[in-house]
Amino acid sequence: MISTDTDILATAEAWARAGRSVALATVIETWGSAPRPVGSHLVIDGEGNFQGSVSGGCVEGAVVEEAVEVIGDGAARTLEFGVADETAWKVGLSCGGRIRVYVEKVN
Amino acid sequence: MDLATLSTLNAERAARRATILVTDVASGAQRLVKAAEIPGDPLAEALDRQLRMAKSGMVESEGRQLFLTVQAPPPRVIVTGAVHISQAMAPMAKLLDLDLVIIDPRTAFATPERFPEVRLVTDWPDVALAALGLDAYTAFVALTHDPKIDDPGLEAALRSECFYIGALGSRKTHGRRIERLEAAGFDAAATARIHAPIGLDIGAVSPAEIALAILGEIVSTLRGPRRAPA
């Protein structure tokens, strides 16, 4: 029931304390057969290193790219992915689900 | 997120205390609500509901989209008695994601052979429970039928805030148990916390059915509407 997502929060804290710039991505809404539940986390650093999962691999690349920008400008943003999305060919969810991901910087 | 907020979230989690992070998705504004602060919070109803389900989720309040990151400690079940019923409970608890700990100082009962992959503690319950700690996400179940073993465990449970206390035994057995606990200084309100006869009334006969009734009652207490504080 309780996922290992709390380990990701611990990792986010450890990375930030180690002086790395860090962003946290969280699945905030899902529709259809989304691969990872609401509340799943991904932690990303300024170099694009990441741990955790928000989609089981489908959109992590795009989230990491956005997260590096969030680290740069400090502004949180909400991303949406799904087959109906125009970027579907690039980063769509093969399962047909849709997810919203909130990406914020850890200050 | 502030590093301080993240740090508090992690510390509360490590201390097995429930916490909810409220994030305004549009503005990025965030605040932390600890479990004890929920009743007085403007979002009390939504916070309580999400916490009981141990699920993060989006809620709307006054036209704002708020994401609730729910950190609920993993629920534990601590049992005195490495008996037939607890043998049946072990695989069921695992399926339910309930961390099971079995205490029994009788080392002939508490053997890894009888309880593969279960955490067994062979100290006396008062010693074992002091080390394990009983908190609001712990259920305590007394199954030995032996007051020497069950009573110290029940006394520790009654002094704690654990969310469920159950004791095996007939009404007559339980009547004598209450007399002993009252003699030990517990009042009627305290002893009323004990679920006895234990388990949901499903007509359970076999040890596995009794285990099911007990775990059903534990889940219902964990997920059901919050009871008024005693």
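Here are a few things to note about the model shown:
- For region B:170-187 and region B:46-75, distance of Cα centres in Å: 40 Å
- Rounded to the nearest 10 degrees, the angle from helix B:207-223 to the longest Cα principal axis of chain B is 30 degrees.
- Under 5 Å, built H, 5+ apart or other chain: amide partners of A:G56: none
- Tilt relative to chain B, helix B:84-95 - C-alpha long axis, 0 to 90 degrees, to 10: 20 degrees
- Under the Karplus curve 6.51 cos²θ - 1.76 cosθ + 1.60, θ = phi - 60°, whole-Hz ³J(HN,Hα) for region A:62-68, x wherever Gly or Pro sits: 5, 5, 4, 4, 5, 4, 5
- Förster-model FRET efficiency, 35 Å R0, B:D99 and A:D73, C-beta, rounded to 0.05: 0.25
- Summarising the amide proton neighbourhood of A:V106: residues at separation of 5 or more, or on other chains, whose placed amide H is nearer than 5 Å comprise A:V22, A:A23, A:L24.
- Sites matching trypsin sites (Lys or Arg not before Pro) across region B:124-230 that sit in DSSP coil, with at most 13 neighbouring C-beta atoms within 10 Å: B:R159, B:R226, B:R227
- Neighbour cut-off at most 14 other Cβ (10 Å), DSSP loop, GluC sites (Glu not before Pro), region B:131-184: B:E161
- Cα long-axis angle, helix B:44-53 against chain B (0 to 90 degrees, to the nearest 10): 50 degrees
- Checking every one of the GluC sites (Glu not before Pro) in region B:1-72 against DSSP loop status and a limit of 15 other Cβ atoms within 10 Å picks out B:E62.
- Anisotropy class of region B:3-71 from Cα gyration tensor, a/c 1.5 cut: oblate
- Distance histogram for chain B (every C-alpha pair counted, 5 angstrom bins, percent rounded to whole numbers): 1, 6, 14, 16, 17, 14, 11, 9, 6, 4, 2, 1, 0
- Under the Debye formula (equal points on every Cα, no solvent term), log10 I(q)/I(0) of the protein assembly as shown at q = 0.09, 0.14 Å⁻¹: -0.58, -1.06
- Cα centroid separation - region B:92-123 against region A:15-53, whole Å: 36 Å
- In Hz, Karplus ³J(HN,Hα) per residue of region B:61-69 (6.51, -1.76, 1.60; θ = phi - 60°; x = Gly, Pro): 9, 6, x, 9, 8, 10, 9, 9, 8
- Cβ-to-Cβ counts within 10 Å put A:E69, A:E47 in ascending order as A:E47, A:E69, the fewest first.
Coordinate-derived values only; no laboratory data. This is a predicted model, so every value here is computed, not measured. In this analysis, Cβ positions are derived from the backbone assuming ideal geometry, glycine residues included, and neighbour counts consider all displayed protein chains.
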